[in-house]
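Asks: One structure, pasted below without further comment.
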Amino acid sequence: MNELINASLRDISRALTERRLSAVELATLFLERIERLNPTFNAFITVEPDKTLAQARAADARLASGNAGPLVGIPLAYKDIFCTKGMLTSCGSNMLSNFVAPYDAHVVEQLSNAGIVNLGKLNMDEFAMGSSTESSFFGPTKNPWDVTRVPGGSSGGSAAAVAARLAPVALGTDTGGSIRQPAAMCGLTGIKPTYGIVSRYGMVAYASSLDQGGPMAKSAADCALVLNGIAGFDQRDSTSLDRPAEDYTRALGYSIKGLRIGLPREFFADGMDDEVRFAIDEALNVYRSLGAELVQVDLPNSELSVPAYYVVAPAEASSNLSRFDGVRYGYRAPEYRDLGELYSRSRAQGFGAEVKRRIMVGTYVLSHGYYDAYYLKAQKLRRLIAEDFRNAFAHCDVIMGPTSPFVAFPIGAKTDDPVQMYLSDIYTVSTNLAGLPGLSIPCGFGAGNLPVGLQILGPWFDEARMLGIAHQYQQQTDWHLRMPGGVA
Ligand code: GLN
C-alpha cells in the first residue's frame, strides 16, 4: 500500500480502474495519514472523513460501471479559499472562521463531476496574503522537509499536504506566486495558468485581476491531468476565457531539441542565494544536454514588479474585502452600540495584521490625490512589464530562472519585516502582472536538505508545452519523487 503515496495519478487511476484498489481503500489510506501526521504539519484546517468516504463510495460505483475517466476516485485537497458546499471555507481568517459555503466553486464542481474525492481544506495565509502561511488565523503550517521552517505561501497548506504525502494532489491559488513559491519550497510541481483559463467563481477574491487557481502535485504529468479537470469557460466569471477545450497532457512527449531557453539577465544578477544558483545551473545543464539552447534575454522593468504588485494587489484587495462587514455572513463582533461600531469592530477583530496593512495601503493608493501617483503609475508599469515579456518571447520559447531567491526560511524569520517578506516574490509577481502562465519544478536541494525550485515561464496559453518541457526534465531526474524523511 505504501508505494501508493508516491505513485503518479496515472498509476493510481490504473489501479482503480483495474479494481486492484478501491476508491474507499485509497481515501482511507490518506485519511489515516492525515490523522497521524497533520498534527505535526498543520496543513489541513478541515477534514470530514464521512463526506470523503461517501464521495469515495460514489467513485467506486462509477468505477464498477466500467467507463470511468482518469480522475474518478483520485483524492485531492483544496486550499481553503475555494468554496465547498456545506463545508467550512475560512480563507485562513477569523473573519470567515464560521462561514459554511452555500455553493461549490466552479473548479470544485468540475472536479466533483469528474469523480475527484475531496480530502479536506488546506491552511493558507489569511486571504492569501503572504509568502509563508504564517498569517493564518489557524496557526502556521510547517514545512515537511524541516518543521522549524515555513512551507512558503500563501498556498503553504497545499504544498505541505502534498510534500508530506497527505494528498496526492492539491489545488492552490496564485496571485503573485502562491502556487509556485510554496511548490518550490516543498519540492513540488505547481502551475499557475494563464489568467482567464481557470474560473475564479467561488474562489474568495484577493486581487481579482491577478488571482488564478491551479494544481500542485508531484509531477508535471499529474498537474496536466488535473488542469484538464479545472480549466475551461465559465460564464459566472466575467474574466473567464471562452476558448476551445485543450488536453494539457498532449505535449508531455515534447522534444527539448532546439528549444530556446531565455535567461533574463535581471533574474541572474545579484539577489539569489548561492545554493539556489547552483541547483538552477545544474538544471539548465540537464536541458542543455537534452538539446536546448540557452539565450540571454532582458526584462528591464523586473525590479519594478514588486513595487507595482504591492500597489495593484492591495488596491484590489481593499475593494474586495469591503464586503466583509459582519452583516450578512462571517465574523460579527459580539458587542457594539450602533451600526458603525458593528462594522468597525467586526473588521477590527475579524482581520489579522497583514490583511489590515493591505487594506490601508490599498485604500491609500486609490484615494483622491494619490491615485495618479500610485495606482495609475502601477498600472502603467504593469503594461511595461507585459511588454518586456512580449519582447523576450520574440527571442526564446520559454524563460527559466529561480522561483524563489532562497530556500524555505525559519518560521518567524520575516514576520517582523513585511518588506523582506514581499521580496520573496521577486521572481514570481511579474508573471501575474502580465497574466502569463508559470510553473515551478523541483530541481535539487540546498543546505539542510531543503528543496530548490526552477521556474519556467511561457507565452500566454502555452501551458501544455511548458508542462511537456517540465515532464522531459522529470524523465531525467528524480527530484520530484524525493520524500521528506519521516513521512513514509
Ligand atoms: N506573497 C504574495 C502576496 O502576499 C503573493 C500571494 C499570492 O499569490 N496569493 O501578495
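Asks: What number of residues within segment 117-142 satisfy the criterion of being more than 16 Å from the ligand (Cβ to nearest atom) and open to solvent by less than 10 Å² (accessible area, probe 1.4 Å)?
Replies: Selection size over segment 117-142: 4.
Asks: In addition: Among the residues of segment 328-355, which ones are in contact with a Lys or Arg (Cβ under 8 Å, 6 or more places away or on another chain) and open to solvent by 70 Å² or more (accessible area, probe 1.4 Å)?
Replies: Within segment 328-355, E335, Y336 qualify.
Asks: Output yes when any residue across segment 438-449 is among the polar types (S, T, N, Q) and at positive phi, and no when none is. Give the steps one after another, and end with the answer.
Replies: Taking segment 438-449 first, the residues among the polar types (S, T, N, Q) are 440, 449.
Now narrow it down to the ones that are at positive phi: 449.
Yes, because at least one residue in segment 438-449 is among the polar types (S, T, N, Q) and at positive phi.
Asks: What is the residue count in segment 222-243 for residues that are assigned to a helix (DSSP H, G or I) and either at pLDDT below 95 or of a type outside the set (S, T, N, Q) (or both)?
Replies: In the first step, residues of segment 222-243 are kept if they are assigned to a helix (DSSP H, G or I); the result is 222-230.
From the residues that got through so far, the ones that are either at pLDDT below 95 or of a type outside the set (S, T, N, Q) (or both) too are 222-227, 229-230.
Total meeting the criteria: 8.
Asks: Can you tell which of A447, A408, A488 is open to solvent by less than 40 Å² (accessible area, probe 1.4 Å), touching a residue at least 24 places away in the same chain (Cβ under 8 Å) and away from the ligand (no atom under 13 Å from the Cβ)? Walk me through how you get there before you give the answer.
Replies: Values: A447 fails: open to solvent by less than 40 Å² (accessible area, probe 1.4 Å); A488 fails: open to solvent by less than 40 Å² (accessible area, probe 1.4 Å).
Matching residue, one of A447, A408, A488: A408.
Asks: Regarding segment 366-375, can at least one residue be identified that is among the hydrophobic types (A, V, I, L, M, F, W, C) and touching a helix residue (DSSP H, G or I) at 6+ places or on another chain (Cβ under 9 Å)?
Replies: Yes: one or more hits.
Asks: I'd like the full set of residues that are away from the ligand (no atom under 12 Å from the Cβ) and in contact (Cβ under 8 Å) with a residue 24 or more places away in the chain, limited to segment 414-426.
Replies: T415
Yes or no, residue by residue, for (1) more than 19 Å from V108 (Cα to Cα); (2) away from the ligand (no atom under 13 Å from the Cβ); (3) without any contact (Cβ under 8 Å) to a residue 12 or more places away in the chain:
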residue: V147; (1), (2), (3): yes, yes, no
residue: S155; (1), (2), (3): no, no, no
residue: A170; (1), (2), (3): no, yes, no
residue: G177; (1), (2), (3): yes, no, no
residue: A183; (1), (2), (3): yes, no, no
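Asks: Here's a follow-up. Identify, from the list L31, L26, L16, L21, the residue that is farther than 28 Å from C91 by Cα and either assigned to a helix (DSSP H, G or I) or in contact with a Ser or Thr (Cβ under 7 Å, 6 or more places away or on another chain) (or both). Even if it seems obvious, please write down each step before you answer.
Replies: Numbers: L31 fails: farther than 28 Å from C91 by Cα; L26 fails: farther than 28 Å from C91 by Cα; L21 fails: either assigned to a helix (DSSP H, G or I) or in contact with a Ser or Thr (Cβ under 7 Å, 6 or more places away or on another chain) (or both).
That would be L16, the only listed residue that is farther than 28 Å from C91 by Cα and either assigned to a helix (DSSP H, G or I) or in contact with a Ser or Thr (Cβ under 7 Å, 6 or more places away or on another chain) (or both).
Asks: A follow-up question, please. Scan segment 362-371 and give yes if some residue there is buried (at least 19 other Cβ atoms within 10 Å of the Cβ) and under 24 Å from the mean Cα position of the chain (by Cα), otherwise no. Break it down into steps so the answer makes sense when it comes.
Replies: Applying the first criterion (buried (at least 19 other Cβ atoms within 10 Å of the Cβ)) to segment 362-371 yields 362, 365.
When the remaining residues are screened for being under 24 Å from the mean Cα position of the chain (by Cα), the result is 362.
Yes, there is a match, as at least one residue in segment 362-371 is buried (at least 19 other Cβ atoms within 10 Å of the Cβ) and under 24 Å from the mean Cα position of the chain (by Cα).
Asks: Scan segment 387-402 and give yes if some residue there is open to solvent by 70 Å² or more (accessible area, probe 1.4 Å), of a type outside the set (A, V, I, L, M, F, W, C), more than 16 Å from the ligand (Cβ to nearest atom) and in a helix (DSSP H, G or I), otherwise no.
Replies: So far as segment 387-402 goes, yes, one or more of its residues are open to solvent by 70 Å² or more (accessible area, probe 1.4 Å), of a type outside the set (A, V, I, L, M, F, W, C), more than 16 Å from the ligand (Cβ to nearest atom) and in a helix (DSSP H, G or I).
Asks: Looking for something more than 28 Å from M421 (Cβ to Cβ) and open to solvent by 20 Å² or more (accessible area, probe 1.4 Å) - is there at least one such residue anywhere in segment 157-169?
Replies: No, segment 157-169 has no match at all.
Asks: Output the residues belonging to segment 185-216 that are of a type in the set (G, A, S), open to solvent by less than 10 Å² (accessible area, probe 1.4 Å) and within 15 Å of the ligand (Cβ to nearest atom).
Replies: Listed by number, the residues that qualify are G190, A207, G213, G214.
Asks: Has segment 200-207 got any residue that is closer than 17 Å to D425 by Cβ, hydroxyl-bearing (S, T, Y) and touching a helix residue (DSSP H, G or I) at 6+ places or on another chain (Cβ under 8 Å)?
Replies: Here is the first cut: in segment 200-207, the ones closer than 17 Å to D425 by Cβ are 206-207.
Of the ones still in play, those that are also hydroxyl-bearing (S, T, Y) are 206.
Next cut, touching a helix residue (DSSP H, G or I) at 6+ places or on another chain (Cβ under 8 Å) only: 206.
Yes, some residue in segment 200-207 is closer than 17 Å to D425 by Cβ, hydroxyl-bearing (S, T, Y) and touching a helix residue (DSSP H, G or I) at 6+ places or on another chain (Cβ under 8 Å).
Asks: Follow-up. Suppose we keep only residues that are among the aliphatic types (A, V, I, L, M) and in a loop (DSSP other than H, G, I, E, B) within segment 1-13. Which one would you say is nearest to H471 (Cα to Cα)? Walk me through how you get there before you give the answer.
Replies: As a first pass, look at segment 1-13 and keep what is among the aliphatic types (A, V, I, L, M): 1, 4-5, 7, 9, 12.
Keeping just the survivors that are in a loop (DSSP other than H, G, I, E, B) gives 1, 7.
Working: M1: 26, A7: 15 Å.
If we take residues in segment 1-13 being among the aliphatic types (A, V, I, L, M) and in a loop (DSSP other than H, G, I, E, B), then A7 is nearest to H471 (Cα to Cα).
Asks: Do the conditions hold for F267, that is, is it on the phi < 0 side of the Ramachandran plot, within 16 Å of the ligand (Cβ to nearest atom), touching a residue at least 40 places away in the same chain (Cβ under 8 Å) and among the aromatic types (F, W, Y)?
Replies: Numbers: on the phi < 0 side of the Ramachandran plot: yes; within 16 Å of the ligand (Cβ to nearest atom): no; touching a residue at least 40 places away in the same chain (Cβ under 8 Å): yes; among the aromatic types (F, W, Y): yes.
For F267, the condition - on the phi < 0 side of the Ramachandran plot, within 16 Å of the ligand (Cβ to nearest atom), touching a residue at least 40 places away in the same chain (Cβ under 8 Å) and among the aromatic types (F, W, Y) - is not met.
Asks: May I pose another question? Kindly indicate whether D325 is open to solvent by less than 80 Å² (accessible area, probe 1.4 Å), over 23 Å from the mean Cα position of the chain (by Cα), farther than 30 Å from C396 by Cα and away from the ligand (no atom under 16 Å from the Cβ).
Replies: yes
Asks: I've got another one for you. Check whether at least one residue in segment 50-60 is closer than 28 Å to R482 by Cα and at pLDDT 95 or above, and report yes or no.
Replies: Step one: filter segment 50-60 for residues closer than 28 Å to R482 by Cα, giving 52, 56.
Add one more test, that the residue is at pLDDT 95 or above, and what stays is 52, 56.
Within segment 50-60, one or more residues are closer than 28 Å to R482 by Cα and at pLDDT 95 or above.
Asks: I would also like to ask the following. Within segment 132-174, can you find the residues that are within 16 Å of the chain's Cα centre (by Cα), within 22 Å of I426 (Cα to Cα) and either part of a strand (DSSP E or B) or at pLDDT below 95 (or both)?
Replies: N143, G172, T173
Asks: For residues in segment 260-292 being assigned to a loop (DSSP other than H, G, I, E, B) and touching a Lys or Arg at 6+ places or on another chain (Cβ under 9 Å), which is surrounded by the fewest Cβ atoms within 10 Å (Cβ to Cβ)? Show your work before the answer.
Replies: Going residue by residue through segment 260-292, those that are assigned to a loop (DSSP other than H, G, I, E, B) are 269-273, 290-292.
Within this subset, residues satisfying the condition of being touching a Lys or Arg at 6+ places or on another chain (Cβ under 9 Å) are 290-292.
Working: L290: 16, G291: 12, A292: 21.
The extreme case among them is G291.
Asks: Being in a loop (DSSP other than H, G, I, E, B) and closer than 16 Å to K380 by Cβ is the filter here; which residues of segment 293-341 pass it? Quick ask: steps written out before the conclusion?
Replies: Filtering segment 293-341 down to residues in a loop (DSSP other than H, G, I, E, B) leaves 298-301, 324-338.
Matches in segment 293-341: P300, N301.
The values are calculated or read from the model by the stated rules, or taken from the named source; none is laboratory data. This structure is a prediction, so every number in the text was calculated from the model and none was measured. A quick note on method: Cβ atoms are made from the backbone with ideal geometry, for glycine too, and the neighbour counts reach across all protein chains shown. Protein only, heavy atoms only, side chains kept; ligands, DNA and RNA dropped before computing areas. Shrake-Rupley method; radii C 1.70, N 1.55, O 1.52, S 1.80 Å.
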